[in-house]
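A.B. asks: Starting off with a structure, shown below.
Just so you know, all these numbers are worked out from the coordinates, no wet-lab data involved. The structure displayed is predicted, hence computed values, not measured ones. Here Cβ is always computed from backbone atoms with ideal geometry, including for glycine, and neighbour counts include all displayed protein chains.
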Amino acid sequence: MVKRVVISLGLLVALALELRAQESFAKKSPSVTLLPAPTAQLTRGKVNNVQLTFSVEPGFHINSNQPSAEYLIPTTLKLDPPTDLMVGKITYPPGEDRSFAFSPTDKLNVYSGRFTVLVRVRPLASVLAGEYEFHGSLRYQACDNAACFPPKNLAVRFAVKVVKPRPPRKKNPAQSPHAGN
């Protein structure tokens, strides 16, 4: 009976230590977030730009979209647009070249703090005016000054409002150079 109690206590202590280690890792695990933004207004039939601003947790950095070495995992945004809204070029900001304690002679091209990605979107001329939601993911690999973490995917969601283009302005016949001739 005493042996069972000792074994049970030992298992409980081991379990508590394991949970504490997992909590510590979860707290240290880096994160990137998409900052809330107002709903972007897009004109139907025209190319529009949507800005998405991300924030890297303090004390961490992520590889830029064009990392300085081929083996590094670039930050990439993939979007699944609603029907009749076409995604064009996605423009990433230039990263910052920095060296770190784990490789002091190498400069890595990274994002830290806040960075903004520009997405070109063109609603087809036939799309109905209204609100639409984009879904996608930002793939990144984060590091601190000592180590890199496994790559992650951040779910990305944002809304846009498609509006009709403004009608062309009518010319005033009195302003015509041939008026009165």
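A.B. asks: Scanning region 116-169 for residues that are in a loop (DSSP other than H, G, I, E, B) and within 20 Å of the chain's Cα centre (by Cα), which turns out farthest from V87 (Cα to Cα)? Spell out the reasoning first.
C.D. replies: If we filter region 116-169 for residues that are in a loop (DSSP other than H, G, I, E, B), which is where we start, we get 124-129, 141, 144-147, 149-151, 164-169.
Filter once more, keeping what is within 20 Å of the chain's Cα centre (by Cα): 141, 144, 149-151.
On the way: Q141: 24, D144: 33, F149: 30, P150: 28, P151: 25 Å.
Checked region 116-169; the qualifying residue farthest from V87 (Cα to Cα) is D144.
A.B. asks: Related question: Could you tell me which residue of region 94-133 is farthest from T33 (Cα to Cα), considering only residues that are surrounded by 18 or more Cβ atoms within 10 Å (Cβ to Cβ) and either basic (K, R) or in contact (Cβ under 8 Å) with a residue 60 or more places away in the chain (or both)?
C.D. replies: Here the residue is V127.
A.B. asks: Just to verify a result, which residue in region 26-50, among those that are β-branched (V, I, T) and over 15 Å from the mean Cα position of the chain (by Cα), is surrounded by the most Cβ atoms within 10 Å (Cβ to Cβ)? Can you show your working first?
C.D. replies: Here is the first cut: in region 26-50, the ones β-branched (V, I, T) are 32-33, 39, 43, 47, 50.
Next, from what is left, pick out any that are over 15 Å from the mean Cα position of the chain (by Cα): 39, 43, 47.
Details: T39: 13, T43: 15, V47: 13.
Ranking the candidates gives T43 first.
A.B. asks: Can you pull out every residue in region 51-65 that is under 13 Å from V117 (Cα atoms) and surrounded by fewer than 21 Cβ atoms within 10 Å (Cβ to Cβ)? Working first, answer last.
C.D. replies: If we filter region 51-65 for residues that are under 13 Å from V117 (Cα atoms), which is where we start, we get 51-55, 64-65.
Within region 51-65, Q51, T53, S55, N65 meet the criteria.
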